[in-house]
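Novice: Have a look at the structure that comes next, please.
Readers should treat all values here as calculations from the given coordinates under stated rules, not as data from a laboratory. Note that the structure is a prediction, hence the values are computed from the model and not measured. Glycine gets a Cβ as well: all are built from the backbone with ideal geometry, and neighbour counts include every protein chain shown.
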Amino acid sequence: MNNMKTMLKQNGSLMPKSDVYKENYFGKEILDPYRWLEQEFSVKTHQFISYQMKKTQDFLSHCSYKEEIKNYLQSLCQFDQYTCPIIRHSDYFYCFKASHSDNVVLELIQTRTKCPEIILDSTCIGLEKMETVIAFNISNCGTYLCYETLNCSIGQYKLHFKDIKTDHQLSDCIKLYNKSSMTWSIDNKGIYYVNCIPLNSSEYQFNALIHHNYTVHIFYHELNDNSCHMKDQSLWCCEMFQPNLLFCELNETGRYLLVSILNEYDSKNKMIFADVNHERTKITGRLKMYPIVDEYDANYKFIGSTSTHFYLITNLDAPNNKIIKVNIKDPEWSGWEDLIPHNSVRKLEHATCVNRQYLAISYIENVKNVISIYNWNNGRYLRDISVPIGRIYALTSHYTSSQIFISFATFNEPCTILHCDLYKDNWKLEVFRKSQPMKLDDAKFEIKQLFYKSKDLKTTIPMFIFHRKDIIMNSRNPCKLTAFGGFGYINQPYYSACELLFVEKFNGIFVLANIRGGGEFGEEWHKYGSDIHRSTAIDDMIAAAEYLIQQNIPILIILLLLPENLQSHITRQREWWPYCSCMCK
């Protein structure tokens, strides 16, 4: 592998001789030697591309370690994957994908046995050829499982039910027009779910959802009811243009049903609720809904409740998000209170209730994560829990458990599930599950954060540096500098097999600069690097390269400026299977 470094020493001009185009901008002459490339179908451009391809293929065909690189890259892509556990009393449910398999299973670990048990395997439940599991929800007692399937060939959705304890598939089956939201009743006897009916359509035509307005209903289905699900009681309905814009969930006591009505154009939503009076043995009649938010002015997400208040995360007048208390008896806007006020230097990413005593919040501060713990009832700050440099993808807990779990990744760790027991004194994160490529020793690497000044020396900009611990930071090491700086995206460390190969086998230094245009420090940071200020982001990138040279990390061999596309960044954040889109509390 030592000879791999010779790859980076191959050079040679691929540029044909061409006239340099000159243009005057505000009295300054700008040279553009690449203007001819704008003629993509010209003979000169075609010859240039052909020459590039030939030189590339000539090099690769004589590369004796091409297969070695390929095999090592493949090994870095092979690792087990886990999701954050869903807690039901002493049982932990999570999704698992083995490195050698494309199949994802739902597993259960009981704290008394600590032995994983497969609860749902899509290859073993008799699904049709084009049918797949897309979501699931586990009852509050941990006894029943509701999972949703989609037949891609005809666009048909179904809800199925299973007894987890006996491993018995129940006969209940609900056919749906669209992807559903579902939540179990507090007594575990039934499930609330969302379904829609196209207006002017009385038949079940599963592909007839296009070009329709819909009546979207919230139904209640009682478990082990063998009658046709079409007889399920409709509790509430409204007309909508998009069928997938309604989400329902129960609060912890099961008394209140909260409904989020999403805006089809952005992330804003309305929110209403009803008292479902769970003490009744059977739900009958329409529910009376009360508004919490009756206009699309911000994003609201329910995270829990007390006997008197709902707790919501919102970005209303809070670009970095905050948590508000809404009085259940008087939900009018005038009575809202800030439980966790807006913080101008910390972005609130995730929040969860822990054992009805604590509120655990994941913040991003200076592009690094921190977990803060507050009192659940009054919002009083208690303490922080430190998190390694990387990215938190999820934070979960349960109102009956003292455990918190986070899904974490960084440059040299593709998937790690960390947990902390708040009943213990040290409040320290420990490894619950860790995925690691077989040939990778993550202890060999170092990740650190540095700060540099902008071009005008008025702004401090962070960057992350990733390298092997045993290298000497000098001009003999190739450095790869990358940034995004767009769409308000927060660019934190992420796992990439290609970057890891570069760092480990080429003695490379990988640098991730958090230039303006992203969302690392809120909306102002985004604005000063976008639209008419886009040149600021480019200046920040140049300043990053100059800073590295000053720190004796010159870009001697290779400098890659990669304003990567938004889709690739979003893909890194998305979980690897639709199980993770489930609505679970």
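Novice: Counting C-alpha atoms alone, how compact is region 481-536: give Rg to one decimal and Dmax as a whole number, in angstrom.
Specialist: Rg then Dmax for region 481-536, in Å: 13.4, 41.
Novice: Additional query: From the phi of every residue in region 344-359, what ³J(HN,Hα) in whole Hz does the Karplus formula 6.51 cos²θ - 1.76 cosθ + 1.60 yield, where θ is phi - 60° and glycine or proline is x?
Specialist: Ordered by residue, 3J(HN,Hα) equals 6, 10, 10, 9, 7, 9, 9, 8, 8, 7, 10, 6, 6, 10, 10, 10 Hz.
Novice: Right, another one. Candidates (1) 143, 74, 52; (2) 125, 57, 57; (3) 82, 55, 53; which is the computed Cα extents along the principal axes in Å?
Specialist: Step by step, Cα extents along the principal axes in Å for this structure corresponds to label (3).
Novice: Antiparallel as a % of all DSSP beta bridges within region 437-565, to the nearest 5? Please report the intermediate quantities before stating the final value.
Specialist: Numbers: 13 of 20 bridges.
In region 437-565, DSSP labels about 65 percent of beta bridges as antiparallel.
Novice: Three principal axis extents, largest first, for the C-alpha atoms of region 372-443, in Å?
Specialist: Taking the Cα atoms of region 372-443, the three principal extents are 48, 22, 22 Å.
Novice: Given R₀ = 35 Å, what would the calculated FRET efficiency be for GLU29 paired with PHE451, taking r from the Cβ atoms and rounding to 0.05?
Specialist: Working: r = 35 Å, r/R0 = 1.00.
For GLU29 and PHE451, the calculated efficiency is 0.50.
Novice: Full-extension gain between THR111 and ASN224, please, as 0.36 nm times their residue separation minus the C-alpha to C-alpha distance.
Specialist: Result: 37.7 nm gained on full extension.
Novice: Taking Cα pairs under 8 Å and at least six residues apart, what relative contact order does the chain come out at, in percent?
Specialist: Relative contact order for the chain comes out at 10 percent.
Novice: Right, another one. Summing -39500 (n - 2.57) over the DSSP H runs of n ≥ 4 in the chain and dividing by its residue number, what mean residue ellipticity at 222 nm do you reach, to the nearest 500 deg cm²/dmol?
Specialist: My calculation for the chain gives -3500 deg cm²/dmol from helical runs alone.
Novice: May I ask you to evaluate 6.51 cos²θ - 1.76 cosθ + 1.60, the Karplus curve with θ = phi - 60°, for each residue of region 246-251 and list the ³J(HN,Hα) values in order in whole Hz, giving x for glycine and proline?
Specialist: Karplus values, whole Hz, x for Gly and Pro: 10, 9, 10, 7, 9, 6.
Novice: Turning to a different aspect of this structure: Mind checking which lysines have their Cα closer than 23 Å to the Cα of LYS114? Skip sequence neighbours fewer than 8 apart in that chain.
Specialist: Once the sequence-local lysines are set aside, what remains near LYS114 is LYS97, LYS162, LYS165, LYS424, LYS428, LYS434, LYS585.
Novice: Order of 321-327, 128-134, 384-390, 43-49 by packing, highest average Cβ count within 10 Å first?
Specialist: 321-327, 384-390, 128-134, 43-49
Novice: So which helices of the chain fit the span-like rule, where a helix is a whole DSSP H run, its Cα atoms reach 18 Å or more along the axis, and its mean Kyte-Doolittle is at least -0.5?
Specialist: 534-550
Novice: Rounding to the nearest 20 debye, state how big the charge dipole of the chain is about its Cα centre with +1 on each Lys and Arg Cβ and -1 on each Asp and Glu Cβ.
Specialist: 1240 debye
Novice: What length, rounded to one decimal in nm, is gained on full extension from MET289 through to THR132, with 0.36 nm per residue of separation minus their alpha-carbon distance?
Specialist: 53.1 nm
Novice: Beyond a 20 Å Cα-Cα separation, which of these cross-linked pairs lie in this structure: LYS322/LYS347; LYS453/LYS527; LYS158/LYS288; LYS66/LYS444?
Specialist: Pairs exceeding the cut-off: LYS158/LYS288; LYS66/LYS444.
Novice: Full extension from ASN426 to VAL43: what is 0.36 nm times the residue separation minus their Cα-Cα distance, to one decimal in nm?
Specialist: Numbers: separation 383, 0.36 × 383 = 137.88 nm, distance 6.89 nm.
That pair, ASN426 and VAL43, stretches by 131.0 nm at full extension.
Novice: Per-residue HN-Hα couplings for region 385-394, Karplus 6.51 cos²θ - 1.76 cosθ + 1.60 at θ = phi - 60°, whole Hz, x for Gly and Pro?
Specialist: Couplings: 10, 6, 10, x, 5, x, 9, 8, 9, 7 Hz.
Novice: Starting from the Cα of ASP163, step 7 Å along the direction of its Cβ; do the same at SER386; then give the gap between the two resulting points in nm.
Specialist: Each label point is offset 7 Å from its Cα along the Cβ direction, giving 5.1 nm.
Novice: Along Cα→Cβ, 7 Å out, is where each label goes; now give me the distance between the ones at MET438 and ASN366 in nm to one decimal.
Specialist: With each label placed 7 Å out from Cα toward Cβ, I get 4.1 nm.
Novice: If we count every other residue with Cβ under 9 angstrom of TYR296's Cβ, Lys/Arg +1 and Asp/Glu -1, where does the sum land?
Specialist: -1
Novice: Taking neighbour counts of Cβ atoms within 10 Å as a proxy for exposure, in what order, fewest first, do VAL503, VAL276 appear?
Specialist: On the way: VAL503 25, VAL276 20.
Final ranking by Cβ density, sparse to dense: VAL276, VAL503.
Novice: Another one. Compute log10 of I(q)/I(0) for region 437-565 with the Debye formula, placing one identical point scatterer on every Cα and leaving out solvent, at q = 0.12, 0.14 Å⁻¹, to two decimals.
Specialist: -0.45, -0.60
Novice: Now for a separate question. Just rank SER305, SER99, SER171, fewest to most, by other beta-carbon atoms within 10 angstrom.
Specialist: SER171, SER99, SER305
Novice: By counting other Cβ atoms within 10 Å of each Cβ, how are LEU60, LEU245, LEU312, LEU548 ranked from fewest to most?
Specialist: In increasing order of surrounding Cβ atoms, one gets LEU60, LEU245, LEU548, LEU312.
Novice: Give me, ordered by chain and number, the residues 5 or more places off ASN251 or on other chains with an amide H under 5 Å from its own placed amide H.
Specialist: Here TYR256, LEU258 satisfy the definition.
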